[in-house]
Amino acid sequence: RQGWGSGTDTIKKAGYADIGGLDDVVNTLRESVELPLRHPEVLQHLGITPRRGVLLHGPPGCGKTLLARAVACESGALFLSVSGPELITKWHGESEERLRELFRHAREGQPAVIFFDELDAVAQARSADESLRLDSRFAAQLLTLMDGVHDLGQVFILGATNRIDLLDSALLRPGRFDIIVEVPSPDRDGRLKILEIHTQALPLDESVSLSRIADLATGMTGADIALLAREAAYVALRRKLPLQALLERVTSVPGHELRTVLVTMHDM
Ligand code: ATP
């Protein structure tokens, strides 16, 4: 389905299989978004209304955007994504109208997930920059729209922030973001799973031990590991086939020669 915002019309597909670790967070999102879409009768039977807003918080590069994209894709929902800084700068002057349009779009295209990335940029409780404070008209509009989200049908709000400490508590009241979920840095097992995901398509050298790399990669985020895997592939490529030679013969590189490009992540 189509995406919206962030200057792009198509959204990169993602699924739960692309997410390493974070099983509890995935389950919370599935329960909040996928379950009410697939089995509304279960919630009706329990006599509860579905959650409408989930706030994800944690350090940068640990998968918040990936999680939001994956749950929308796997639930067959429209994914509409906007980032806080974009709301302030790109939509400057017409932010409130654009925000209403975003919610309208979600209602018309439902089931839909609206993802607010870097939410702290528009909803800070105490910012030196007045335009970032929640008492702006824009933020008041956001709260009003969030309060009315139950009437829109199957529209879910996901938010993400690296700085939950800065967020205005008005946003965190029940009925707006119903639950707050931490997306932490990966532990050792998480790093191993993320490594497995990001090296899946790489022809790994037999000597490579992902388990050992997971041990060594203490402190690395999912984004760091994704970058590590790609850069290791470039290192290996450069070793086996110097760039000049590769480019000069680019149309005639035989497949078997490329298969000899072995990724040795130990060399990074
Ligand atoms: P930011 O706060 O900077 O927006 P984020 O928490 O939203 O960061 P993502 O944008 O989701 O992080 O992560 C960036 C990239 O890092 C992802 O597209 C993915 O390639 C990789 N990545 C991060 N976390 C994971 C993970 N848990 N499993 C697999 N890949 C991951």
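To keep it simple, each residue is scored yes or no on (1) closer than 17 Å to Asn162 by Cα; (2) not in a helix (DSSP H, G or I).
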site	(1), (2)
Leu35	no, no
Thr65	yes, no
Ala72	no, no
Val82	yes, yes
Glu97	no, no
Phe103	no, no
Ala106	no, no
Val113	no, yes
Q: Hey, can you tell me all the residues within segment 179-229 that are in contact with a Ser or Thr (Cβ under 8 Å, 6 or more places away or on another chain) and either small (Gly, Ala, Ser) or under 30 Å from Pro50 (Cα atoms) (or both)?
A: Ile179, Val181, Ser185, Pro186, Ser207, Gly219, Ala229
Q. Is at least one residue of segment 107-120 under 28 Å from Gly61 (Cα atoms) and without any contact (Cβ under 8 Å) to a residue 24 or more places away in the chain?
A. no
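Of Pro50, Pro60, which residue is modelled with pLDDT of 95 or more, within 30 Å of Arg100 (Cβ to Cβ) and either of a type in the set (Asp, Glu) or assigned to a loop (DSSP other than H, G, I, E, B) (or both)?
Working: Pro50 fails: modelled with pLDDT of 95 or more.
Criteria check complete, one pass: Pro60.
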Q: Take segment 21-37 and flag every residue that is among the small types (Gly, Ala, Ser) and open to solvent by less than 10 Å² (accessible area, probe 1.4 Å).
A: Ser32
Q.
Given the options Leu43, Leu29, Leu78, Leu35, name the one that is closer than 19 Å to Glu108 by Cα and modelled with pLDDT of 90 or more.
A. Leu78
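Each row is one residue, and each column tells you yes or no for (1) surrounded by fewer than 21 Cβ atoms within 10 Å (Cβ to Cβ); (2) not hydrophobic (A, V, I, L, M, F, W, C).
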residue: Pro184; (1), (2): yes, yes
residue: Ile194; (1), (2): no, no
residue: Thr199; (1), (2): no, yes
residue: Leu204; (1), (2): yes, no
residue: Leu216; (1), (2): yes, no
residue: Ala226; (1), (2): yes, no
residue: Val235; (1), (2): yes, no
**Q.** segment 54-89, residues that are away from the ligand (no atom under 15 Å from the Cβ), out of contact with any strand residue (DSSP E or B) (no Cβ under 8 Å at 6 or more places or on another chain) and either in contact (Cβ under 8 Å) with a residue 60 or more places away in the chain or open to solvent by less than 10 Å² (accessible area, probe 1.4 Å) (or both)
**A.** Gly76
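Those residues that are charged (D, E, K, R) and either within 13 Å of the ligand (Cβ to nearest atom) or at pLDDT 95 or above (or both), I need them from segment 160-214; list them, please. Working first, answer last.
Here is the first cut: in segment 160-214, the ones charged (D, E, K, R) are 163, 165, 168, 173, 176, 178, 182, 187-189, 191, 193, 196, 205-206, 212.
Within segment 160-214, Arg163, Glu182, Asp187, Arg188, Asp189, Arg191, Lys193, Glu196 meet the criteria.
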Q: Mind counting the residues in segment 98-137 that are at pLDDT below 75 and surrounded by fewer than 18 Cβ atoms within 10 Å (Cβ to Cβ)?
A: 11
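The values are calculated or read from the model by the stated rules, or taken from the named source; none is laboratory data. As the structure is a prediction and not an experimental result, all values here were calculated from the model. In this analysis, Cβ positions are derived from the backbone assuming ideal geometry, glycine residues included, and neighbour counts consider all displayed protein chains. Calculation scope for accessible area: heavy atoms of the full protein, side chains included, ligands and nucleic acids excluded. Shrake-Rupley method; radii C 1.70, N 1.55, O 1.52, S 1.80 Å.
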